[in-house]
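Heads up: the structure comes next, in structure tokens.
We did not get these values from a lab; they are worked out from the coordinates using the rules stated. Being a predicted model, the structure only gives us computed values, none of them experimental. Virtual Cβ from ideal backbone geometry, glycine too; neighbours counted across all protein chains shown.
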Amino acid sequence: MPDADASSLLIRPCPDPKFGDYQCNALIALAKNRENPREFAVRVLAKLDVSEWCEKVELAGAGFINFRLKTSALAQALQSAMRADRPFIQKENPQRTIVIDFSSPNVAKPMHVGHIRSTILGDCLARTLRLLGHRVITDNHIGDWGTQFGMLLVGWKKLLDRNALETDPLAEMERIYKAVQSKCDPEKPGYDAATHEAARAELVKLQNGDAENLVIWTEMKKLSQKQFDEIYSRLGVKFDCTLPESFYNDKVKQVYEELTAKGIAVESEGALVVFQNEPTAPANIKGRPFIIRKRDGAANYASTDLAAVLYRTEELAKEVYPRDDLTVEEVLYVVDSRQRDHIDHLFATVHKWFTATGRNPPRLPQVDFGTILGENNRPLKTRSGENVRLRDLLDEAEERALKIVSQKNPDLPEAQRREIARIVGIGAVKYADLLPNRTSDYVFSWDKMLALDGNTAPYLQYAYVRIRSIFRKGGETVESGIRNAELKLTAPEEITLAKHLLNFGIVLEAVAKEYRPNYLCNYLYELAGNFARFYENCPVLKADEPQRTTRLILCDLTARVLKQGLEVLGIETTEQM
Ligand code: ARG
């Protein structure tokens with residue numbers, strides 16, 4: 001097949017196990033326009049010999065080929081998995097260098113649930129891509145340079161309550177921000193033109209390096225970063241770099257110059273603007289202006305985002321991996337669907353700019369996501385209608401988990417119950433966020449996410465605990481003794497479980513390809529279900545050899561895949577629950 005591109009040779013788990021374990025649909029595409037796909041498939045089948053691994057290969061439909069694994073091949077695959085550090089996972093080829101922009105909260109504003117999805121999704125994608133062998137650079141693009149600082153500076157100078165700032169810095173910054181903001185919206189009744197003008201002037205002063213404003217700004221940043229760091233440490237999220245919007249202050253000039261020189265940006269009513277007039281422009285932005293420098297000369301969200309793309313593709317990899325010569329071909333933006341227009345404008349502009357200047361435009365996927373809703377189906381808010389703060393949400397998750405853990409294990413020492421509650425509570429919040437298809441909105445429900453039965457993190461964590469306790473009962477030596485043993489799969493539940501285990505790597509690849517962790521959640525949930533059915537029907541410790549060893553191997557591999565899978569989701573496991 002001379003023109004077969006490897007990526008088109010799709011072999012996937014069969015949609016219906018009735019037909020086989022794996023299915024290949026590549027022949028339909030390959031036969032295209034040349035011969036009848038089914039006849040083509042018959043010819044291919046005549047030359048295909050996979051008898052070492054598979055039962056008789058079957059042809060179906062328009063030219064699908066269905067494969068069913070031989071039990072002996074399955075046993076062999078499990079055996080080599082037993083010896084692998086990371087069972088069932090293969091590094092992807094070629095290995096890419098990928099920047100991931102995620103979390104990216106704003107200075108002087110508390111992190112709210114809107115940032116939680118970006119943080120949890122972004123972290124999970126970073127973990128997945130790394131596990132598959134890619135170079136990943138995570139970058140927290142903190143909002144520390146936008147319009148809000150004009151208002152914050154006015155508020156800081158006129159309204160700040162120092163005592164309040166000491167007790168709860170973010171609440172106080174939020175208060176002064178809101179007080180000034182309410183006067184800066186010409187559409188609102190409290191509008192005050194003088195305050196609005198003052199805010200604009202303070203922002204320009206800051207961006208031009210005014211000493212007093214810089215000192216205040218630095219303090220606001222420090223106070224905010226402290227809070228962000230607390231949250232990241234609770235979530236176990238790390239960044240390779242935190243390059244905030246202000247980092248690009250000295251880099252936006254090049255953007256203005258290049259875009260102007262190439263005629264991509266034009267002056268319009270004093271502002272510098274990019275119009276998306278190309279026929280290929282997405283409908284939502286077509287003909288609309290993308291303001292990349294404001295009328296007063298200030299940089300905005302667009303200016304810094306443009307400079308960031310250039311920096312990320314040309315400089316960043318050298319900073320983070322100075323010894324390797326890496327090319328960043330891809331920058332992922334894990335950003336709320338509500339920013340669709342901004343992101344589309346950004347990507348369209350980058351494409352024109354990079355092409356006009358002889359650079360290779362990077363792949364720029366927006367990993368967008370829907371909103372977290374309250375039980376009333378409206379965006380999640382506190383009772384008084386405020387945004388829910390991430391810190392409060394995590395506190396509540398741990399408290400609720402502690403109640404459940406204490407009910408189940410009243411005799412455990414408190415410190416241990418708290419540690420389990422932390423792992424369960426944080427895990428539940430993360431899983432609830434990763435399980436729904438990311439592009440849809442989802443309803444936040446404490447009871448659902450903390451349930452021990454159902455598609456939840458606690459259910460999976462508990463499944464892991466149960467398997468580990470089999471080994472505790474059987475004595476530690478069992479585990480080490482089985483590494484090189486022969487397997488003999490016979491019971492249908494053993495075979496179903498074994499086949500499911502084998503697909504772990506394929507699922508991770510699908511997550512990486514479509515940026516959809518929900519595939520992994522559902523895979524792990526099915527794994528736990530297959531395990532439960534196996535364990536119900538196949539006694540392990542009381543079985544005779546060779547069944548006993550075979551079953552212990554299945555237990556061990558299931559536990560390892562569960563643990564590794566949860567780890568990729570950013571969820572910890574515990575040995576006791
Ligand atoms: N700071 C922004 C917000 O909180 C998100 C930034 C996303 N990243 C980006 N490069 N625009 O809405």
Against the longest principal axis of the chain, how steep is helix 37-47, in degrees 0 to 90 to the nearest 10, with axes from Cα atoms?
50 degrees
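Find the Rg to Rh ratio for the stretch 420-516, where Rh is the Kirkwood radius over alpha-carbon pairs and Rg uses the same atoms.
1.05
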Listed here are the pairs Lys91/Lys318; Lys226/Lys318; Lys183/Lys238; which of them are more than 31 Å apart at the Cα?
Lys183/Lys238
Once the in-chain neighbours fewer than 8 apart are removed, the lysines whose Cα is under 17 Å from Lys563 read Lys430
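Roughly how big is the chain's charge dipole about its Cα centre, with Cβ charges of +1 (Lys, Arg) and -1 (Asp, Glu), in debye to the nearest 20?
820 debye
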What aspartates and glutamates sit close enough to Lys381 to cross-link, taking a C-alpha to C-alpha distance under 18 Å and skipping anything fewer than 8 places away on the same chain?
Glu174, Asp336, Asp392, Asp395, Glu396, Asp433, Asp441, Asp447
Can you sort Asp341, Asp240, Asp325 by how many other beta carbons sit within 10 Å, fewest first?
Asp325, Asp341, Asp240
Solvent-free Debye scattering, log10 I(q)/I(0), computed from the Cα coordinates of the stretch 353-416 at q = 0.25 Å⁻¹:
-1.08
Return an integer: the convex hull volume of the alpha-carbon atoms of the stretch 487-566, in Å³ per residue.
74 Å³
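Work out how much length Lys222 to Ser182 would gain on full extension: take 0.36 nm times their residue separation and subtract the Cα-Cα distance, in nm to one decimal.
Numbers: separation 40, 0.36 × 40 = 14.40 nm, distance 2.53 nm.
Computed gain between Lys222 and Ser182 is 11.9 nm.
Taking Rh as the Kirkwood radius, which is the inverse of the mean 1/r over Cα pairs, what is the Rg/Rh value for the stretch 65-116? Walk me through the intermediate numbers first.
Working: Rg = 21.4 Å, Rh = 16.2 Å.
Using only Cα positions, Rg/Rh for the stretch 65-116 is 1.33.
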Placing +1 on each Lys and Arg Cβ and -1 on each Asp and Glu Cβ in the chain, then taking the dipole about the Cα centre, the residue among Thr128, Leu527, His351 whose Cα reaches farthest towards the positive end is Leu527
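Where nothing but the Cβ of Lys and Arg (+1) and of Asp and Glu (-1) is charged, how large is the charge dipole of the stretch 526-573 around its Cα centre, in debye to the nearest 20?
Working: 6 positive and 7 negative charges, 21 e Å.
Computed about the Cα centre, the dipole is about 100 debye.
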Cα radius of gyration and Dmax for the stretch 441-577 (Å)
15.5, 50
Note down the Stokes-Einstein diffusion coefficient of the stretch 124-179 in µm²/s, whole number, using a Kirkwood radius over alpha carbon pairs, 37 °C, and 0.692 mPa s.
235 µm²/s
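To make sure I understand, if each residue's beta carbon is the centre and we count other beta carbons within 10 Å, what order do Leu557, Leu373 fall in, fewest to most? Kindly include the intermediate steps, with their values, before the conclusion.
Values: Leu557 22, Leu373 16.
Ascending Cβ contact count within 10 Å gives the list Leu373, Leu557.
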Just for the Cα atoms in the stretch 298-346, what are the lengths along the principal axes, largest first, rounded to whole Å?
38, 26, 13
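Do any GluC sites (Glu not before Pro) in the stretch 243-281 lie in a loop, going by DSSP, with at most 13 other beta-carbon atoms within 10 Å of their beta carbon, and if so which?
Working: sites: Glu245, Glu257, Glu258, Glu267, Glu269; in loops: Glu269.
When the GluC sites (Glu not before Pro) of the stretch 243-281 are filtered for loop state and at most 13 Cβ neighbours within 10 Å, Glu269 remain.
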Scalar couplings 3J(HN,Hα) for the stretch 526-531 by Karplus 6.51 cos²θ - 1.76 cosθ + 1.60 (θ = phi - 60°), nearest whole Hz, x for Gly and Pro, are 5, 4, 4, x, 4, 5
Would you calculate the separation in nanometres between label points at Glu419 and Lys91, each defined as 7 Å from the Cα along the Cα-to-beta-carbon direction?
3.4 nm
One would report the Cα pair-distance distribution of the chain, bin width 10 Å, in %, as 3, 14, 22, 23, 18, 11, 6, 2, 0
So for the stretch 18-97, what are the equivalent ellipsoid semi-axes in whole Å, largest first, each being the square root of 5 times an eigenvalue of the Cα gyration tensor?
29, 19, 10
Quotient of Cα Rg and 2.2 N^0.38 Å for the stretch 254-329, N being how many residues it contains
1.33
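I need the shape label for the stretch 193-327. Rule: rounded when a/c is under 1.5, else prolate if a/b > b/c, else oblate, with a, b, c from the alpha carbon gyration tensor.
On the way: a/c = 1.86, a/b = 1.16, b/c = 1.61.
Taking the square roots of the gyration eigenvalues as a ≥ b ≥ c, the stretch 193-327 is oblate.
Please give the charge dipole size of the stretch 277-390, origin at the Cα centre, charges +1 on K and R Cβ atoms and -1 on D and E Cβ atoms. Round to the nearest 20 debye.
520 debye
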How tilted is helix 547-568 with respect to the longest principal axis of the chain? Cα atoms for both, answer in degrees (0 to 90, nearest 10).
10 degrees
Principal axis dimensions, largest first and in whole angstrom, of the stretch 28-149 by Cα:
70, 44, 26
Where q = 0.23 Å⁻¹, what log10 of I(q)/I(0) comes from the Debye formula for the stretch 227-269, counting one point per Cα?
-0.83
Relative to the chain, whose Cα atoms define the longest principal axis, helix 113-131 and its Cα axis are tilted in degrees, nearest 10, by 50 degrees
Give, to the nearest whole percent, the P(r) tail of the stretch 163-211 beyond 17 angstrom, counting all Cα pairs.
49 percent
Between the alpha carbon centres of the stretch 66-126 and the stretch 420-471 the gap in Å comes to 17 Å
Cα coordinate range in the stretch 325-480, projected on the principal axes (Å, largest first):
68, 52, 26
Give the residue from Ala261, Val42, Ala299 lying farthest towards the positive end of the charge dipole for the chain; charges sit on Cβ (+1 for Lys and Arg, -1 for Asp and Glu) and the dipole is referred to the Cα centre.
Val42
log10 I(q)/I(0) for the stretch 398-455, Debye formula on C-alpha points only (no solvent), q = 0.16, 0.19, 0.31 Å⁻¹, two decimals, reads -0.51, -0.66, -1.28
If I stretch the segment between Arg472 and Thr327 completely, what's the gain in nm (0.36 nm per residue apart, minus their alpha carbon distance), one decimal?
47.4 nm
Counting Lys +1, Arg +1, Asp -1, Glu -1, what net charge surrounds Ser51 among other residues with beta carbon under 14 Å of its beta carbon?
0
The long-range amide H neighbours of Leu373, using H built 1.01 Å from N in the peptide plane and a cut-off of under 5 Å, are Leu380, Tyr442, Val443, Phe444
Taking the C-alpha atoms of the stretch 155-252, convex hull volume expressed per residue in Å³
140 Å³
What are the ³J(HN,Hα) couplings of the stretch 184-190, residue after residue, when phi is run through the Karplus curve with 6.51, -1.76, 1.60 and θ = phi - 60°? Round to Hz, x for glycine and proline.
9, 9, x, 7, 9, x, x
